[in-house]
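The numbers here are math on the coordinates, done by the rules we state, and not lab data. All of these numbers come straight from a predicted model, not from anything done at the bench. Cβ sites come from the backbone with ideal geometry, for glycine too, and all protein chains shown count toward neighbours.
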Amino acid sequence: SAVISQKPSRDICQRGTSLTIQCQVDSQVTMMFWYRQQPGQSLTLIATANQGSEATYESGFVIDKFPISRPNLTFSTLTVSNMSPEDSSIYLCSVEGGTSDTDTQYFGPGTRLTVL
Amino acid sequence: GESVGLHLPTLSVQEGDNSIINCAYSNSASDYFIWYKQESGKGPQFIIDIRSNMDKRQGQRVTVLLNKTVKHLSLQIAATQPGDSAVYFCAESKEGSRLTFGEGTQLTVNP
């Protein structure tokens with residue numbers, strides 16, 4: 001499986017500011033995903049990011065709030081814009097597996113965001 | 001130990017016992033299922049998966065059972081160890097579409 005890293009691992013931010021989270025993969029992957037995990041809850045998909053095209057957002061998530069970049073096949077960023085305390089969550093990126101297990105998703109370690 | 005009910009959020013077992021974590025999935029058309037383990041402060045870790053053309057799959061100390069008739073998935077952990085303490089999530093997908101995650105079960109292993 002791919003090795004995935006995220007930066008920062010955690011941050012404490014003031015409301016109204018924005019934070020950009022980076023996701024780096026050690027191999028080229030077609031699809032990358034961004035999830036939110038609110039405290040004590042399950043994972044909710046924010047958007048799917050394919051290289052060379054606009055990200056596809058899930059219901060309840062919009063590009064103005066969560067802009068995503070996907071400049072190449074190993075890297076993506078998620079920005080949490082104009083943050084409020086309700087944005088305090090763990091943000092996770094994931095990638096699909098290799099040719100033999102394309103449905104399997106592997107996750108990064110997550111970015112723990114606290115908004116004051 | 002054995003979980004009670006389909007949506008028990010916590011499960012506590014003694015070290016060495018077998019654990020059974022259950023999951024009810026929602027989409028009868030789902031054809032792929034995964035179990036993840038999430039330890040505190042970490043991202044979800046892939047444990048085992050199963051496709052809808054199977055009803056059982058075994059890994060190292062873990063077994064996944066799929067009952068499509070009642071849309072039920074279970075994860076069995078043999079000889080549970082303290083290192084197995086974590087939150088366990090099931091996830092489902094249909095024809096390679098996005099994964100949908102269950103609510104999760106907190107497994108606590110008592111020494």
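Screening region B:18-49 for residues that are of a type in the set (Gly, Ala, Ser) and outside any strand (DSSP E or B) and picking the one that is nearest to the other protein chains (Cβ to nearest Cβ) gives B:Gly43. Within region A:38-52, residues that are closer than 16 Å to A:Ser89 by Cα sit with their Cβ atoms under 7 Å from residues that are outside any loop (DSSP other than H, G, I, E, B) and of a type in the set (Lys, Arg), at 6+ positions apart or across chains, in these pairs: A:Thr44/A:Arg36; A:Ile46/A:Arg36. Using the structure shown, decide if B:Tyr88 is in contact with a strand residue (DSSP E or B) (Cβ under 6 Å, 6 or more places away or on another chain), aromatic (Phe, Trp, Tyr) and more than 24 Å from A:Met31 (Cβ to Cβ). Spelling it out, B:Tyr88 is indeed in contact with a strand residue (DSSP E or B) (Cβ under 6 Å, 6 or more places away or on another chain), aromatic (Phe, Trp, Tyr) and more than 24 Å from A:Met31 (Cβ to Cβ). Of all the listed residues (A:Ser69, A:Ser76), the sole one being in a strand (DSSP E or B) and more than 27 Å from A:Gly40 (Cβ to Cβ) is A:Ser69. State whether the residues of region A:29-38 include one that is assigned to a strand (DSSP E or B) and of a type in the set (Val, Ile, Thr). Looking for residues that are assigned to a strand (DSSP E or B) and of a type in the set (Val, Ile, Thr), one finds none in region A:29-38, hence no. Do we find that B:Ser52 is more than 30 Å from A:Pro39 (Cβ to Cβ), surrounded by 15 or more Cβ atoms within 10 Å (Cβ to Cβ) and within 13 Å of chain A (Cβ to nearest Cβ) in this structure? Judged against the criteria, B:Ser52 is a match. Looking across region A:38-84 at every residue that is over 19 Å from A:Ser9 (Cβ atoms) and of a type in the set (A, V, I, L, M), the one that is nearest to the other protein chains (Cβ to nearest Cβ) is identified as A:Leu45. The conditions of being closer than 17 Å to A:Pro8 by Cα, out of contact with any Leu (no Cβ under 6 Å at 6 or more places or on another chain) and more than 12 Å from chain B (Cβ to nearest Cβ) are not met by A:Leu92.
B:Val70 fails exactly one of the following numbered conditions: (1) in a strand (DSSP E or B); (2) more than 14 Å from every other protein chain (Cβ to nearest Cβ). What is the number of that condition? Condition not satisfied by B:Val70: (1).
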